[in-house]
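Notes for the one structure printed next.
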Amino acid sequence: MGKGLIPADLETWKQRRRVIAPGFHTSYLEAMVKLFTSCSERTVLKIDKLLEGEGYSGQKSIELDLEAEFSNLALDIIGLGVFNYDFGSVTNESPVIKAVYGTLFEAEHRSTFYIPYWKFPLARWIVPRQRKFQDDLKVINTCLDGLIRNAKESREETDVEKLQQRDYSNLKDASLLRFLVDMRGVDVDDRQLRDDLMTMLIAGHETTAAVLTWAVFLLAQNPDKMKKAQAEVDSVLGTGKPTFELLKKLQYIRLIVVEALRLYPQPPLLIRRSLKSDVLPGGHKGDKDGYTIPAGTDVFISVSTNICDTLFYGI
């Protein structure tokens with residue numbers, strides 16, 4: 001992911017966040033709700049067809065990999081909302097989608113493997129999985145480079161304030177990429193743009209899919225909470241289309257998502273490498289003198305364990 005938001009050093013992160021944050025303004029978010037709805041309807045239609053194929057009558061059930069379905073949905077939303085590119089992954093499996101998953105699996109592999117063999121000379125050509133990884137990166141980068149090139153060819157440079165006042169509901173291209181390319185005073189570096197887009201694509205869809213899956217799982221375990229959630233949706237949304245303002249009123253749904261994140265945080269584990277020697281406090285029952293952390297030490301932080309600790313949360 002190069003120097004995208006997640007792996008960036010502090011100064012790069014600050015600079016990129018200052019550039020990207022203005023893109024998530026109210027007009028953009030309102031337009032994105034319409035996009036979320038249209039993409040979600042694809043998934044609902046797909047599930048309906050699966051039920052029809054099984055002759056569903058209310059008595060039977062089907063097995064469905066919800067995480068895979070939510071992952072495809074998230075990819076389509078990110079593609080259209082961030083790049084103005086329709087992956088169509090809910091109904092099809094494109095080469096780009098295969099490459100995205102391949103890259104994600106390799107990133108997970110590297111985060112847990114104890115020897116960074118991929119840094120060895122010639123590893124990218126000798127090791128089969130590294131050759132595949134390079135091929136996957138090439139597919140994704142070619143796609144992103146093309147999208148960036150097309151956006152820059154039709155660039156309409158203007159101030160941030162005017163960009164935020166655009167009528168995004170009627171724009172043919174209301175993507176975040178369009179906003180970043182058109183923003184005046186910003187050095188539109190192709191490589192940095194690609195790194196930022198890569199981060200949103202790779203890191204954004206899996207976490208979203210995971211929390212949605214766990215939320216549905218928890219609701220399935222608690223039918224009374226499921227009924228309460230359904231009642232709120234029916235009361236607030238009715239039979240109409242969701243809007244940005246209406247979504248704000250789904251307070252119980254928001255709490256369900258937050259609780260799903262607490263019980264099953266995404267990601268459940270954070271890995272940090274110390275840039276210099278330090279001493280961490282011993283904590284509640286730890287060493288009173290703290291723990292010495294030498295420079296270069298990998299520190300694994302269990303978000304799941306910490307956030308469910310009864311000492312802090314009492315439940």
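Could you list the GluC sites (Glu not before Pro) in the stretch 37-133 that lie in coil according to DSSP, counting only those with at most 13 other Cβ atoms within 10 Å of their Cβ? If you can, show how the numbers build up before the last one.
Values: sites: GLU41, GLU52, GLU54, GLU63, GLU67, GLU69, GLU93, GLU106, GLU108; in loops: GLU54, GLU63, GLU93.
Sparse-neighbourhood loop GluC sites (Glu not before Pro): GLU54, GLU63, GLU93.
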Which of the listed residues, TRP13, SER40, PHE70, is farthest toward the dipole's positive end in the chain, when Lys, Arg count +1 and Asp, Glu count -1 at the beta-carbon? TRP13
Go ahead and estimate [θ] at 222 nm for the chain from helices alone: -39,500 (n - 2.57) per DSSP H run with n ≥ 4, summed, over the residue count, rounded to 500. -19000 deg cm²/dmol
Rh_Kirkwood(the stretch 100-146) over Cα pairs, Å, one decimal, evaluates to 11.3 Å
For the chain, modelled as a GNM with alpha-carbon contacts under 10 angstrom, which of LYS49, LYS225, LYS152 fluctuates the most? LYS49
Among the listed pairs LYS152/LYS172; LYS138/LYS172; LYS46/LYS172, which have their C-alpha atoms separated by more than 18 angstrom in this model? LYS138/LYS172; LYS46/LYS172
For Cα extents along the principal axes in Å, which listed value, (i) 59, 45, 32; (ii) 65, 47, 33; (iii) 59, 55, 44, comes from the coordinates shown? (iii)
What number, in percent, do you get for the relative contact order of the stretch 270-313 if the mean sequence gap of Cα pairs under 8 Å and at least 6 apart is divided by its residue count? 42 percent
Semi-axes of the stretch 220-279 from the Cα gyration tensor (sqrt of 5 times each eigenvalue, largest first, whole Å) come to 37, 16, 8
So who's got an amide H within less than 5 Å of the one on ILE293, skipping anything under 5 residues away but keeping other chains? H placed 1.01 Å off N, in plane. ASP278, VAL279, LEU280
For the chain, which DSSP H helices look membrane-span-like by this rule: Cα extent along the axis of 20 Å or more and mean Kyte-Doolittle of at least 0.0? 26-53, 190-221
Net charge near VAL90, counting Lys/Arg +1 and Asp/Glu -1 over other residues with Cβ under 11 Å of its Cβ? -3
Calc'd 3J(HN,Hα), the stretch 281-291, phi into Karplus 6.51 cos²θ - 1.76 cosθ + 1.60 (θ = phi - 60°), Hz, glycine/Pro = x, comes to x, x, x, 5, 10, x, 5, 5, 8, x, 10
So who's got an amide H within less than 5 Å of the one on VAL299, skipping anything under 5 residues away but keeping other chains? H placed 1.01 Å off N, in plane. ARG272, ARG273, SER274
Work from the charge dipole of the chain (Cβ charges, +1 for Lys and Arg, -1 for Asp and Glu, about the Cα centre) and give the residue of LEU237, ALA210, TYR114 farthest towards its positive end. TYR114
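Laboratory data are not the source of any read-out in this text; all were calculated from the coordinates shown. It should be emphasised that the depicted structure is a prediction, and the values quoted were computed from it without experimental measurement. Positions of Cβ are generated from backbone atoms using ideal geometry, with glycine treated the same way; all protein chains shown enter the neighbour counts.
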